[in-house]
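The values are calculated or read from the model by the stated rules, or taken from the named source; none is laboratory data. Bear in mind that the values here come from a model prediction, so they are computed numbers and not experimental data. Neighbour counts are summed over all protein chains in view; Cβ atoms, including those assigned to glycine, are modelled from backbone coordinates with ideal geometry.
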Amino acid sequence: MKRSIAGAAATVSRRPRIADVRVTPIAFRDPPLLNVVGVHEPWALRSIIEVETDDGRIGLGESYGDLETLGNLARAQKQLVGLDPFDLNGLTAKVYEAVAGQPFAGQTFPPAGDKALASAIAAFEVAFLDLQGQIADRPLYEILGGAVRERVAYSAYLFYKFKQHKDDPGYPPDDWGEALTHAQMVDQTRRMVEEYGFGSIKLKAGVFEPDFEIDTLRAIAKAFPGYPLRIDPNGGWSVETTRRLMPKFEGLLEYLEDPVNSLDEAGEVAKFSTLPLATNMVTVAFGHIPKTVRLNAMQVILTDHHYWGGLRATQTLAHYGRTFGLGISMHSNSHLGISLAAMTHVGLTIPNLAYACDTHYPWQVEEVVEGGRANFRFEKGALAPPPGPGLGVRLDRAALATLHKQYVDCGIRKRDDAKEMRKYRPDWKSDRPRF
Ligand code: GKR
Ligand code: MG
């Protein structure tokens, strides 16, 4: 009897435990992409999360790099030491307590959302799941329940853009050139489609008068007939502007993303919309779902594991989609390969992922993983995750050091597209609605 208890204890003690957690802020080159708020700064911020076990495995995560996120991650990271990487409930409780400042007892999701908290949980959850995959010697999508498809479809994400940044960032201009006219946007689309094979197209809008942007869409539709199109002005239009524009979208769009800036306004738009409405702005947390459903404000939710609470929360959101008849698509922000690997793994597992996902990846040139961008080969616009256990990517330490130095040197600590735009137009205001 004694021997079997000792044997059980020995088995338990062989389980790896978290021994160290590191969070490194980085900055990478970003082109001058335009949106309703302003223009992208020369450097995009992210954080790279490393969760190391006492047997030397390192699980990776990638999250936002602003000071609020870094503060939340710093508050939580030390609390994770000693956890079993399979203990995701333990992880949630620790992060909740560290960030929310109260014990986690399964509280009801707040109606106002809990994006910052969910983001902190997500940052570590991906790294824990990466470790689980490494320990089980299985790709992450198998840890998440298995793949329902071989590749995840992504869409071409078009941006109006300046040729180069206003201030010299110390690196050469990107090779996409200016995109401020319909013809230039058609050229941008062609390059996206030829290089990546994307089969659907999204236009980031809210930059010019809506009628000009609709003419851009028409030019793209003419050059690429049959490609599903979307437009996303990030809440830059009023309800009345959206009402006026609605007939122009018929037959042109597969969905209309965030025309207005609040859930209440989206509910108004839904009353006259002839198209599915999609969002990554007004329904961004589980606490927002009851009202979204009550108002029938959205027909498509763009999930994003970075702020919905992780990869498993993304799957849960997809289940809500099935429950309430909401379509599921995927949002992105400027990101690197750890995020892209995570997006792709979870995308493989969601049966009702009905639309091609967003990714900013074509706009990036730098990487933080071994093997660089070659890990990600789009075929006909779709991606399989890098092979290997867990996420399938490993950290390139030299690249991490370079990108961290860029963070230290660039001086940006919070994304501010409006401030950057004021370098071009000193009277620029980012109030919404703009139109
Ligand atoms: O990168 O400028 C951008 C986008 O506007 C991004 O910030 C949005 O979060 O891509 C996003 C979106 O779909 O709203
Ligand atoms: Mg959007």
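Does A105 satisfy the condition of being among the hydrophobic types (A, V, I, L, M, F, W, C) and under 21 Å from the mean Cα position of the chain (by Cα)?
no
Pull up the range 343-385, narrow it to residues that are of a type in the set (D, E, K, R) and touching a residue at least 60 places away in the same chain (Cβ under 8 Å), then point me to the one that is surrounded by the most Cβ atoms within 10 Å (Cβ to Cβ).
Only one residue fits best here, namely D358.
Restricting to the range 275-316, and then to whatever is small (G, A, S) and over 19 Å from G145 (Cα atoms), can you tell me which residue is farthest from ligand 2 (Cβ to nearest atom)?
Step by step, filter the range 275-316, then rank; the result is G287.
Give me the residue from the range 350-385 that is of a type in the set (G, A, S) and closer than 11 Å to V152 by Cβ and, out of that set, farthest from ligand 1 (Cβ to nearest atom).
A384
Could you list all residues from the range 210-236 that are within 27 Å of the chain's Cα centre (by Cα) and either farther than 19 Å from I301 by Cα or among the charged types (D, E, K, R) (or both)?
Within the range 210-236, P210, E213, I214, T216, L217, I220, A221, F224, G226, Y227, R230, D232 qualify.
Could you say whether any residue in the range 61-68 is among the aliphatic types (A, V, I, L, M) and buried (at least 18 other Cβ atoms within 10 Å of the Cβ)?
Looking through the range 61-68, none of the residues is among the aliphatic types (A, V, I, L, M) and buried (at least 18 other Cβ atoms within 10 Å of the Cβ).
Limited to the range 316-329, what total is found for residues that are part of a loop (DSSP other than H, G, I, E, B) and in contact with a strand residue (DSSP E or B) (Cβ under 7 Å, 6 or more places away or on another chain)?
Total satisfying the criteria: 1.
Condition test on E254, is it acidic (D, E) and over 25 Å from S430 (Cβ atoms)?
Taking the combined requirement at face value, the residue satisfies it.
What residue, of L336, L295, L340, is without any contact (Cβ under 8 Å) to a residue 40 or more places away in the chain and either in the same structural domain as R230 (by TED's automatic domain parsing) or in contact with a Phe, Trp or Tyr (Cβ under 8 Å, 6 or more places away or on another chain) (or both)?
L295
Within the range 368-389, does at least one residue satisfy the condition of being within 16 Å of ligand 2 (Cβ to nearest atom) and either in the same structural domain as R149 (by TED's automatic domain parsing) or in a loop (DSSP other than H, G, I, E, B) (or both)?
Scanning the range 368-389 turns up no residue that is within 16 Å of ligand 2 (Cβ to nearest atom) and either in the same structural domain as R149 (by TED's automatic domain parsing) or in a loop (DSSP other than H, G, I, E, B) (or both).
Name every residue in the range 190-215 that is of a type outside the set (G, A, S), within 30 Å of E268 (Cβ to Cβ) and either within 16 Å of ligand 1 (Cβ to nearest atom) or in contact (Cβ under 8 Å) with a residue 60 or more places away in the chain (or both), in order of residue number.
I201, K202, L203, K204, V207, F208, E209, P210, E213
Being assigned to a loop (DSSP other than H, G, I, E, B) and within 16 Å of ligand 2 (Cβ to nearest atom) is the filter; apply it to the range 165-215 and report the residue that is farthest from Q406 (Cα to Cα).
S200
Being under 21 Å from the mean Cα position of the chain (by Cα) and modelled with pLDDT of 95 or more is the requirement here; does A44 meet it?
Answer is yes for this residue.
Take the range 349-359 and flag every residue that is within 15 Å of ligand 2 (Cβ to nearest atom) and out of contact with any His (no Cβ under 6 Å at 6 or more places or on another chain).
Y355, A356, C357, T359
If we only count helices (runs of 4 or more DSSP H) wholly inside the range 236-315, which ones have 2 or more residues that are surrounded by fewer than 18 Cβ atoms within 10 Å (Cβ to Cβ) and away from ligand 1 (no atom under 16 Å from the Cβ)?
239-249, 263-272, 289-295
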